[in-house]
Structures are given as structure tokens and as C-alpha cells.
Amino acid sequence: VQLQASGGGVVQAGGSLRLSCTVSGRILSSCDMAWFRQAPGKEREIVAATRWTGSDTYYAGSAKGRFTISRDTAKNTMYLQMNSLKFEDTAVYYCAADAWSWESLVTRSYDYWGQGTQVTVSS
């Protein structure tokens, strides 16, 4: 299973970006998926996650109301729409996947990771 993340870039505070994560080697609908981020000097943190059913999602407090996680099964791609970006959203964003299960989306270990895409928000 391979994950390819893209869509990062430099944006002014208040702007928007959409990250994409294309999955190969496994059908997206059989995966639980998540977005993580890691800022310089900080630990990696989960931003959002979605269960294989598509009906169960999680957002970190910092992402609620601003970010939306979604998936397009026809394209085998997951997205993270990020609006009202803040300076503190600056980080490398990673997508992650795991075989479907009923484990917690937040505390589980994800088996597959993308390479990361840099998001820089200028103030």
C-alpha cells in the first residue's frame, strides 16, 4: 500500500488549501484514514480522521469548524480542505491509512504513511 500526499504550499493567514492523499494498492473504502501534522520542534499530532464507512469522523479541536476531511472512492483519494488557515497551522502534513476496523481513530497505530506535504501559513 502506498500513499501519495500533495497540495501543500504557502498561503496567507485566512486563506485555504486542499490536501490530497491518493492510495494505491488497496481500495480506499476498506481503509480507515487520517491526517496528521508535525510542526518544527513539536510532536506529530492527529488533525482529522475518517472511518472506512465514511460515517464516522474525528477532528482535533484546532481543526473543528475550519478543516473538512473527505474521500472520493472513485478516485481512491482522501482530502483535507483547510479554511481560515492560521500561522499555527504551519507544519508538514502526513496522510495515514490502516485496514478497516472498529479501533479508535485517534489512539490506534496506522500502518501506512504518505511522505508528507509542507503547509506554510504566512502571518
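Quick one: in segment 21-46, of everything that is part of a strand (DSSP E or B) and acidic (Asp, Glu), which residue is farthest from residue 88 (Cα to Cα)? Among residues in segment 21-46 that are part of a strand (DSSP E or B) and acidic (Asp, Glu), the one farthest from residue 88 (Cα to Cα) is 32. Among the residues of segment 47-72, those that are open to solvent by 20 Å² or more (accessible area, probe 1.4 Å) and either in contact with a Pro (Cβ under 7 Å, 6 or more places away or on another chain) or outside any loop (DSSP other than H, G, I, E, B) (or both) comprise 57, 58, 59, 68, 70, 71, 72. Inside segment 23-42, residues that are within 12 Å of the chain's Cα centre (by Cα) and under 22 Å from residue 72 (Cβ atoms) make up a count of 6. Selection of segment 75-96 for residues being open to solvent by less than 50 Å² (accessible area, probe 1.4 Å) and farther than 23 Å from residue 65 by Cα yields only 76.
Scanning segment 16-37 for residues that are loosely packed, with under 15 Cβ neighbours inside 10 Å, out of contact with any Ser or Thr (no Cβ under 6 Å at 6 or more places or on another chain) and of a type outside the set (Lys, Arg) yields 16, 24, 25, 27, 30. Figure legend. Inter-residue proximity from segment 79-102: first residues touching a residue at least 24 places away in the same chain (Cβ under 8 Å) and of a type in the set (Lys, Arg), second residues surrounded by fewer than 21 Cβ atoms within 10 Å (Cβ to Cβ) and not in a strand (DSSP E or B), beta-carbon distance below 8 Å, spacing 6+ or different chains. Indicated pairs: 86/13.
The values are calculated or read from the model by the stated rules, or taken from the named source; none is laboratory data. Just so we're clear, the structure is a prediction, and the values are computed from it rather than from any experiment. Backbone-built Cβ (ideal geometry, glycine too); neighbour counts: all protein chains shown. With ligands, DNA and RNA removed, areas are computed over all heavy atoms of the protein, side chains included. Shrake-Rupley method; radii C 1.70, N 1.55, O 1.52, S 1.80 Å.
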